[in-house]
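A.B. asks: To start, I am sharing the structure in question, which I have written as structure tokens.
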Amino acid sequence: MRARYGVPLALTAVGAAGLTYAAGFEVRSFRLRRVTVPVLPRGMRPLRVLQVSDIHMVSGQRKKQRWLQSLAGLRPDFVVNTGDNLSDTEGVPETLDALGPLMEFPGAYVFGSNDYYGPKLRNPARYLVERVRGRHGLNGNAPVTGAVHNPWEDLRDAFDAAGWVGLSNSRGRLKLDGIEIALTGLDDPHIKRDRYAEVAGGPESGADLSLAVVHAPYLRSLDAFTADGYPLVLAGHTHGGQLCIPFYGALVTNCDIDPDRVKGLSTHTAGGHTSFLHVSAGCGTNRYTPVRFACPPEATLLTLTERG
């Protein structure tokens with residue numbers, strides 16, 4: 001009896017303990033990642049950029065709201081929001097409450113698929129299948145039907161009223177005490193809303209620094225930004241893999257980027273140019289899979305410094 005049932009019972013206990021940790025602790029264990037990126041022209045003072053991503057706000061997530069509010073204490077030069085703010089059709093007021101202190105700073109944003117559409121319950125194993133088949137989102141899969149539409153217009157209007165610059169297939173500028181930052185962004189490639197031809201042409205002349213912003217780091221977007229000469233691309237979407245294996249890393253990325261670059265700072269090369277790429281693991285989850293393992297929720301404070 002002991003030999004027959006001991007191992008399965010032990011494995012069940014370990015699995016239950018892991019699920020309890022992933023759903024009860026790590027998913028609320030918010031962290032701040034600090035990264036230094038040498039992209040500024042000589043003689044320019046360092047810039048502190050706070051990137052928030054993949055909040056996936058659900059009504060009642062008080063700890064997440066308080067943590068996001070506390071990030072204003074970092075006093076960044078500007079904020080970049082890389083999308084997927086919502087995971088609840090009723091989540092706009094609480095999202096804006098959480099981001100309210102950050103909206104006192106200059107900022108820019110793009111939207112992700114979950115800003116536009118509510119999430120659906122799906123088998124997490126499908127992410128592994130999609131990775132094997134090279135099919136992600138609407139990039140190879142059938143179009144979504146019966147999707148719930150989120151009130152993303154309310155979110156957009158509030159961001160715009162705060163002075164944040166919308167970058168969905170568009171360009172914009174931020175002025176910071178005599179420093180001019182040009183930004184170029186795309187709408188979400190995960191649902192094929194990206195239109196690079198509308199923003200092509202590379203960094204703008206006259207700006208002190210040009211940055212690129214996109215929600216999902218699909219290779220076609222990274223290739224286009226990099227080939228056009230942007231020194232830094234900011235993205236989110238991947239959740240860092242969300243459920244990772246300790247000492248190994250992510251199994252999936254939910255797009256066509258490789259798992260080695262699923263989160264953090266790396267580089268991307270295309271068209272004879274190399275850009276820095278920062279992918280945020282984000283601070284939320286799909287409301288139907290509220291777990292994280294070996295991948296804590298995060299925001300990132302990027303300190304931009306002079307090029308070497």
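The values are calculated or read from the model by the stated rules, or taken from the named source; none is laboratory data. In this text, all values refer to a predicted model and were calculated from it rather than measured experimentally. Don't worry about glycine lacking a Cβ; one is built from the backbone with ideal geometry, like all the others, and counts go over all protein chains shown. When the accessible area is computed, the model is the full protein with side chains, heavy atoms only, and any ligands, DNA or RNA have been set aside. Shrake-Rupley method; radii C 1.70, N 1.55, O 1.52, S 1.80 Å.
A.B. asks: Take the alpha-carbon centre of the range 192-219, take the same for the range 131-163, and report the distance between them in whole Å.
C.D. replies: Measuring centre to centre over Cα atoms gives 19 Å.
A.B. asks: Test of understanding: what is the full-extension gain from Arg220 to Lys120, defined as 0.36 nm times their sequence separation minus their Cα-Cα distance?
C.D. replies: 33.4 nm
A.B. asks: When ligands, DNA and RNA are left out and all protein chains stay put, how many square angstrom of accessible area per residue does the range 88-129 have with a 1.4 Å probe?
C.D. replies: Counting only protein heavy atoms, the per-residue value for the range 88-129 is 43 Å².
A.B. asks: In addition: When only DSSP loop residues count, what GluC sites (Glu not before Pro) in the range 40-135 have their Cβ near at most 16 other Cβ atoms within 10 Å?
C.D. replies: For GluC sites (Glu not before Pro) across the range 40-135 that sit outside H, G, I, E and B with at most 16 neighbouring Cβ atoms in 10 Å, the list reads Glu90.
A.B. asks: Related question: What do you reckon, how do Met103, Met57 stack up by accessible area (1.4 Å probe), largest on top?
C.D. replies: In descending accessible area the options line up as Met103, Met57.
A.B. asks: Express the relative contact order of the range 121-266 as a whole percentage, based on alpha carbon pairs under 8 Å and six or more residues apart in sequence.
C.D. replies: 20
A.B. asks: Using square roots of five times the C-alpha gyration tensor eigenvalues, list the equivalent-ellipsoid semi-axes of the chain in whole Å, biggest first.
C.D. replies: Values for the chain, descending: 33, 21, 20 Å.
A.B. asks: Give me the extension gain from Glu90 to Arg173: residue separation times 0.36 nm, minus the current Cα-Cα distance, reported in nm with one decimal.
C.D. replies: Full extension from Glu90 to Arg173 adds 26.8 nm.
A.B. asks: Tell me, what is the percent relative contact order of the chain, built from C-alpha pairs under 8 Å that lie six or more residues apart?
C.D. replies: Rounded, it is 26 percent for the chain.
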